[in-house]
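*Asks:* Input: one structure, supplied below.
The values are calculated or read from the model by the stated rules, or taken from the named source; none is laboratory data. Predicted, not measured: the structure shown is a model, and the values here were computed from it. Cβ: placed from backbone, ideal geometry, glycine included. Neighbour counts: every protein chain shown.
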Amino acid sequence: MALLIAAGSARAGVGEDAYREQCASCHALNGVSTPEGPSLNGVVWRKIAALADFPYSPGLKAKRGTWTPGMLDAYLKDTQGFAPGTDMFWDLRDDVKRRAIIDYLKSIK
């Protein structure tokens with residue numbers, strides 16, 4: 001059991017570092033969106049394009065569903081393929097970093 005907890009803590013640390021490197025310049029975690037991006041506080045299991053304080057692109061407004069870990073993975077891997085016309089301008093092709101960020105975002109409520 002202690003090994004599982006240590007592994008989870010290590011992944012969370014990697015995810016937090018990757019979040020800071022890849023996401024923090026545009027996305028806050030305090031529940032308040034910035035002009036550059038919606039808050040990612042509680043994003044996992046939130047409806048897509050659901051925050052009232054952010055003007056989502058038509059590409060994301062057209063998407064239906066919930067930000068499941070799988071949907072976040074697909075979006076971060078190929079933003080324009082997932083939601084053509086989205087304002088997000090980069091893809092995160094590194095599978096390990098992408099999963100670490102998603103795991104970290106799961107812990108942010």
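Quick grid of which residues meet (1) at pLDDT below 95; (2) more than 18 Å from K109 (Cα to Cα); (3) among the aromatic types (F, W, Y); (4) under 14 Å from the mean Cα position of the chain (by Cα):
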site	(1), (2), (3), (4)
L40	no, no, no, yes
V44	no, no, no, yes
K47	no, no, no, yes
A52	no, no, no, no
Q80	no, yes, no, no
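*Asks:* Taking Y56, is it within 15 Å of the chain's Cα centre (by Cα), farther than 24 Å from R99 by Cβ and crowded, with 16+ Cβ neighbours inside 10 Å?
*Replies:* So Y56 passes the test.
*Asks:* For residues in segment 10-25 being under 11 Å from the mean Cα position of the chain (by Cα) and assigned to a loop (DSSP other than H, G, I, E, B), which is surrounded by the fewest Cβ atoms within 10 Å (Cβ to Cβ)?
*Replies:* If we take residues in segment 10-25 being under 11 Å from the mean Cα position of the chain (by Cα) and assigned to a loop (DSSP other than H, G, I, E, B), then A24 is surrounded by the fewest Cβ atoms within 10 Å (Cβ to Cβ).
*Asks:* Test each condition in (1) closer than 16 Å to G42 by Cβ; (2) surrounded by fewer than 18 Cβ atoms within 10 Å (Cβ to Cβ) for A74 and report the one that comes out false.
*Replies:* All conditions are met except number (1).
*Asks:* To continue, here is another question. R64 passes all but one of (1) assigned to a helix (DSSP H, G or I); (2) out of contact with any helix residue (DSSP H, G or I) (no Cβ under 8 Å at 6 or more places or on another chain); (3) more than 16 Å from L40 (Cα to Cα); which number fails?
*Replies:* The single condition R64 does not satisfy is (1).
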